[in-house]
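Participant: This structure is in structure tokens; I'll ask about it shortly.
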Amino acid sequence: MTTSKPKQAALHKLAHDCHSTDACGDSGCSAPAACDRHKDLSPPDRYCRHGESIARVTAVDRDQYTVRNAESEVPARLTGKAIYASASSVDLPCVGDWVSVRYHDSGAHASILEVLPRTSFLRRRKPGAKGEFQMIAVNIDLAFIVQSCHVDFNVRRLERYLVITREGGIEPVILLTKSDLVSPVELEQLISRIRDAGIGARVIALSNVSGNGVDQVRELIEPGKTCCLLGSSGVGKTTLINSLVGDCDLTTSAVSASGEGRHTTTRRQLIVLEQGGSLIDMPGMRELGMLGVSEGIDDSFSDIRAYSHKCRFADCTHTSEPGCAIREGIANEELDPEHFQNYLKLKKESEFHEMSNLEKRRKDRAFGKFVRSVKKGKGKQDRY
């Protein structure tokens, strides 16, 4: 349900008409309300409708929703019409969605009538499912990818996070937490490993103990922007939120003797900061399955794509062809071989999960026939 740029421009034009006094002044419709503490944070643009308001989904618990407007945060339920209009579970409201609602009992609760078009998304392959998406959060401007300097640091996992953020049209920023547990030299080495992997995203070293880097993060969460925190459990996401949100006290757990944090966040939730921006916290994800992320892979591995354009053959497989720029780059130590192998792995994983179930069954049957033919040929050889 993401919206193309031309359609977004059309929606903005409609909004100008909707917000004018001629469009809504005497119609009795409810003007869209900003889903934040500040009135200047406006929701997506759309025509006003009688008795409707605009709110934002801040939490989802199965079929129970929490929505927020400029005045309050209340529970909400999805109407049957909205459920019927959803082609799949991906179209159902999730954290970050702007929705059209109707309030009841003097604003004590609401009914969700419609999910408004999304401008960006964060999704992954649904764990345990074949060819199905799981929508994680939407309408995000900036994704803070959080890794610990001490225990959690992993460039290959970082590349996965970069793929899913860029595929969804979200700008990534890398946060290296617990920088107080490593020396300045070790910190520089970690950043060098990120750069050696061809990752050009902004990197901020962070310490929730000393407070270093927290102000840099706070400055990026500008009024009207929505950011999210991505990372494994125990890397300090919740502690960071407590540092950013002055009046919020989310539960945290002490680190273990090894410096490894413990899982505390149990559900995705959108938190509004005093300065006007929004921050989405979410549990650590154990599985980051790739599905339909070819564009995100190309953006995240732009260095490999640049080298591939220099290959002698346009259809180079980068295995044995003469004039392969990628193999030459690896031989000259200009490209990290592990970085390239992870690129191939993610691309193969994405392509496999994009195949329809029928294609998968055909591939499985073809592979089964191949195995049987090999076994049969080996049996014949054993008889001679």
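Values quoted throughout were computed directly from the atomic coordinates according to the rules given, and no laboratory measurement underlies them. Just so we're clear, the structure is a prediction, and the values are computed from it rather than from any experiment. Every residue, glycine as well, gets a Cβ built from its backbone with ideal geometry; the counts of neighbours run over all protein chains shown.
Participant: Give the relative contact order (percent, whole number) for region 125-207; include only Cα pairs under 8 Å separated by 6+ residues.
Facilitator: The normalised contact order for region 125-207 reaches 31 percent.
Participant: Something else now. How do 183-189, 200-206 rank on mean C-beta neighbours within 10 Å, highest first?
Facilitator: Working: 183-189: 11.1, 200-206: 17.7.
For the peptides 183-189, 200-206, the packing ranking is 200-206, 183-189.
Participant: Any idea what diffusion coefficient region 189-228 gets from Stokes-Einstein, in µm²/s, Kirkwood Rh on alpha carbon pairs, 20 °C, 1.002 mPa s?
Facilitator: Numbers: Rh = 12.0 Å.
D = 179 µm²/s.
Participant: Moving on. From the cross-link list 310/345; 178/225; 225/348; 237/345; 310/347, which pairs have alpha carbons spaced over 30 Å apart? Don't skip to the end; give the middle numbers.
Facilitator: Numbers: 310/345 22 Å; 178/225 26 Å; 225/348 34 Å; 237/345 28 Å; 310/347 20 Å.
Violating the 30 Å Cα-Cα cut-off are 225/348.
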